[in-house]
Structures are given as structure tokens and as C-alpha cells.
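These notes are about the structure you will find just below.
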Amino acid sequence: MKINAKDLLFYSWRAPQLAEEEISKENQKKTNQQMIFLLNSRLETIELVLANDKLDDVKILFQHLLYDLANVTLTLMGKDKIAFGGSISHLPNLLHGKEKDAFETIISNLQNPNLSTKDCEHTLDLSIQLYDYFVKTNKKQNKTVLYTELFKYKTIRKWRIGIFIGLVVFCFSAYISFQYKYPTFKSQNFTIHTIDGKENPNITASRSLFFPILSNQKGDWIEMEFSLPDTMSEFGGLRIDPLRQRGIRFSIRSFRIEDAKGRVLYKKDFVIGENSLPVGYEEFLSFSDVKTVGNLKPGETLEMISTGVNPQFTLIFPKIKDAKKISLQAKYIEAHKFKK
């Protein structure tokens with residue numbers, strides 16, 4: 001059965017009303033499917049028992065398997081099932097080729113009272129071969145002699161569901177890709193961590209300060225002030241986490257550390273020097289998830305772009321005491337929207 005675009009678009013979205021003959025076919029499909037399921041369950045049981053070398057139990061199960069194979073054969077051919085213990089010697093004649101040979105060999109093996117482990121394994125392999133044949137035959141019959149409009153409806157419904165899921169995944173992936181490539185600046189925090197110095201650059205939550213940045217402040221210079229408690233008044237460096245987002249272009253200027261009287265204890269100019277490097281670049285201990293913007297001229301404000309979701313850099317300077325305030329200005333804009 002072929003499904004085309006017209007069927008996918010215009011075929012009824014409601015299940016069709018079946019005629020009496022089609023209802024009979026659907027019932028036959030359910031019977032076939034149930035018989036094949038039970039056969040599969042029997043094969044799994046025999047495989048498990050055989051793996052535990054319980055030959056006596058396997059021989060008993062094989063007798064029941066033999067009638068499972070017989071009844072699946074009869075069911076697929078629209079014939080009545082046979083009771084356990086009935087004659088089955090004629091049933092291989094209902095099959096053809098290697099399936100017929102397999103069934104005859106299974107019957108012959110199970111007539112041997114001294115069935116060995118090797119014989120059991122061979123019989124199981126042949127039974128699995130017949131099972132695979134029954135599965136293929138059942139699928140073929142569902143599309144031919146047992147075909148109904150309900151089968152077409154279910155097939156089209158599967159296609160529709162698959163296409164819908166595919167579209168959802170595609171749209172979601174496209175959205176994530178777009179957000180990754182063209183991020184929108186979000187409200188977040190500018191974080192400063194005081195550290196002891198180059199020898200001990202580790203940070204702790206008790207020595208961290210935050211300043212909220214709002215998304216509507218994008219493109220403007222934002223004035224920031226951090227009041228330092230007494231526990232953070234002495235330090236020899238700072239780790240600065242300017243944001244928590246990739247793909248954002250940002251700048252920092254007017255960076256100062258002052259004491260309680262307003263005296264400047266440390267000042268940092270984030271500008272480009274004559275050598276095309278940041279002025280005082282030796283004070284930068286490390287960078288992570290951030291890169292500097294190229295093609296900046298001497299004297300211009302240093303600009304950086306976040307390349308990951310946790311951009312940060314560490315500044316090292318002579319130890320400062322009695323610090324009470326850190327102030328600075330920062331500006332943000334999406335990197336893809338920046339125009340010189």
C-alpha cells in the first residue's frame with residue numbers, strides 16, 4: 001500500500017466505519033497477532049530453561065511448542081486450531097521450501113526420546129526460523145488478504161504522527177540553534193569575587209558580591225557599585241564574572257577600588273595600548289569563556305565577547321587593605337547586533 005501526500009492531507013482524520021466482512025478480518029488479525037505473541041513467549045521460556053541445562057523441562061516445553069507452531073500455521077491459513085495431543089504429521093505439507101523442511105525436522109527431533117542438548121539447540125534454532133517466517137507472513141497478510149480501510153487509516157495516522165514529531169523536533173532544534181547563534185541579552189548578575197592573590201586564586205561564596213543587570217539596560221553604560229564588608233576589605237586580586245551568557249559583547253571602564261574616605265586604592269583602565277594589547281595585560285591572570293575583540297586601535301576601550309555560558313577573568317595586583325567600595329561601568333550588546 002502506497003501513501004502519498006494527498007492521503008496525508010485529505011484522508012479522514014476519523015477511524016472508518018467497517019463493514020461486517022472487514023470486522024471479521026480485523027478479528028482475524030488480532031487472533032493471528034495473539035498466537036504469534038504466545039509463540040514468541042514460549043520460545044523465550046525454552047531459551048531460558050535450556051540455558052540452565054534443564055533438559056527434562058525443555059523436552060516438556062518442546063511438546064507444547066510443537067502445537068504452538070502447528071496452531072500458528074493453521075491460524076495464518078484461516079483453519080481451525082488443533083488440540084494438544086492431536087495428529088500434526090500432515091501439517092508440514094501446508095508449508096513450502098525451507099519452512100516445510102524445518103517443521104519436519106522439528107517433528108522428527110522431538111520423536112527422539114534421547115534428545116541431547118545439541119539436538120535441543122538445533123530444534124530451537126529451527127523454531128525461531130519458523131517464528132520469523134510467521135511474523136513476515138502475518139505482516140504480508142495484513143496488507144493483502146486481511147487488508148481493511150482501518151489498516152490504511154492506522155498507517156496514515158502513524159505517518160502523520162511521525163511527521164508531526166519530526167516537525168516539532170526540527171522547529172525545536174532550529175529554535176535552539178537560532179538562540180545559540182543569535183542570543184538575546186537576558187537579565188542576570190555581574191559578580192565579583194575577592195581572592196588572596198596569584199598564589200591562592202580560589203573563590204568562596206562568602207567573598208562574592210552581585211549586581212543585577214536588566215535586559216533593558218542593553219547598549220547603555222551601567223553604573224555599578226559594590227560595598228565591601230570588613231571580611232572582604234583585604235585582598236590581592238579579583239575574579240570578575242561579567243555575565244552568564246554566551247555571544248554577548250561587553251566592555252568595562254572606570255574601574256576603581258576605594259577606601260572609606262574615597263581614596264583610590266587601585267584603578268584599572270580597560271583600554272588598548274600602543275602594542276595592541278590591553279594596558280597592564282600582565283595583571284590578567286586568566287581568562288575563561290571569553291575572548292578579546294580584534295582590530296581595536298590604541299586608546300580604545302577593551303571589548304570582549306563571551307564564548308561560553310560562564311565567562312570570567314582574574315585580575316592580580318598588590319595586596320589592598322581597608323577597601324570599602326568597588327565601582328565600575330559596564331556595557332552589553334549582542335555580538336551579532338554590534339555595529340561599529
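The values are calculated or read from the model by the stated rules, or taken from the named source; none is laboratory data. All figures in this text were calculated on a predicted structure; none of them were measured in a lab. Here Cβ is always computed from backbone atoms with ideal geometry, including for glycine, and neighbour counts include all displayed protein chains. Please note that ligands, DNA and RNA were not included when accessible areas were found on the heavy atoms of the full protein model with its side chains. Shrake-Rupley method; radii C 1.70, N 1.55, O 1.52, S 1.80 Å.
Okay, here's what the table says:
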{"quantity": "Conditions (1) in contact (Cβ under 8 Å) with a residue 24 or more places away in the chain; (2) under 23 Å from Asp132 (Cα atoms); (3) over 36 Å from the mean Cα position of the chain (by Cα): number failed by Ile36", "calculated": "(3)"}
{"quantity": "Identity of the residue in the stretch 263-296, under 30 Å from Asp322 (Cβ atoms) and free of Cβ contacts under 8 Å to residues at least 24 places away in the same chain, that ends up surrounded by the fewest Cβ atoms within 10 Å (Cβ to Cβ)", "calculated": "Glu282"}
{"quantity": "In the stretch 195-207, the residues that are within 35 Å of the chain's Cα centre (by Cα) and either of a type in the set (Ser, Thr, Tyr) or within 11 Å of Thr231 (Cβ to Cβ) (or both)", "calculated": "Thr204"}
{"quantity": "Neighbours by Cβ (under 7 Å, 6+ apart or cross-chain): first from the stretch 56-81, acidic (Asp, Glu); second surrounded by 14 or more Cβ atoms within 10 Å (Cβ to Cβ)", "calculated": "Asp57/Val49; Asp68/Leu39; Asp68/Arg42; Asp80/Leu74"}
{"quantity": "Options Leu94, Leu110, Leu115; residue that is closer than 26 Å to Asn27 by Cα, modelled with pLDDT under 90 and open to solvent by less than 60 Å² (accessible area, probe 1.4 Å)", "calculated": "Leu94"}
{"quantity": "Given (1) open to solvent by 50 Å² or more (accessible area, probe 1.4 Å); (2) within 26 Å of Gly236 (Cα to Cα); (3) touching a strand residue (DSSP E or B) at 6+ places or on another chain (Cβ under 6 Å); (4) charged (D, E, K, R), number of the condition Glu303 does not satisfy", "calculated": "(1)"}
{"quantity": "Residue within the stretch 123-143 that is more than 27 Å from Lys30 (Cα to Cα) and surrounded by 10 or more Cβ atoms within 10 Å (Cβ to Cβ) present", "calculated": "yes"}
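Yes/no matrix, rows are residues, columns are (1) modelled with pLDDT of 85 or more; (2) open to solvent by 50 Å² or more (accessible area, probe 1.4 Å); (3) touching a Leu at 6+ places or on another chain (Cβ under 9 Å):
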{"position": "Ile60", "(1), (2), (3)": "yes, yes, no"}
{"position": "Gly78", "(1), (2), (3)": "no, yes, no"}
{"position": "Gly85", "(1), (2), (3)": "no, yes, no"}
{"position": "Glu99", "(1), (2), (3)": "yes, no, yes"}
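This table checks each residue for (1) in contact (Cβ under 8 Å) with a residue 40 or more places away in the chain; (2) surrounded by 13 or more Cβ atoms within 10 Å (Cβ to Cβ); (3) at positive phi; (4) out of contact with any strand residue (DSSP E or B) (no Cβ under 9 Å at 6 or more places or on another chain).
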site: Phe151; (1), (2), (3), (4): yes, yes, no, yes
site: Gly162; (1), (2), (3), (4): no, no, no, yes
site: Ile165; (1), (2), (3), (4): no, no, no, yes
site: Phe170; (1), (2), (3), (4): no, no, no, yes
site: Ile176; (1), (2), (3), (4): no, no, no, yes
site: Gln179; (1), (2), (3), (4): no, no, no, yes
site: Tyr182; (1), (2), (3), (4): yes, no, no, no
site: Thr191; (1), (2), (3), (4): yes, yes, no, no
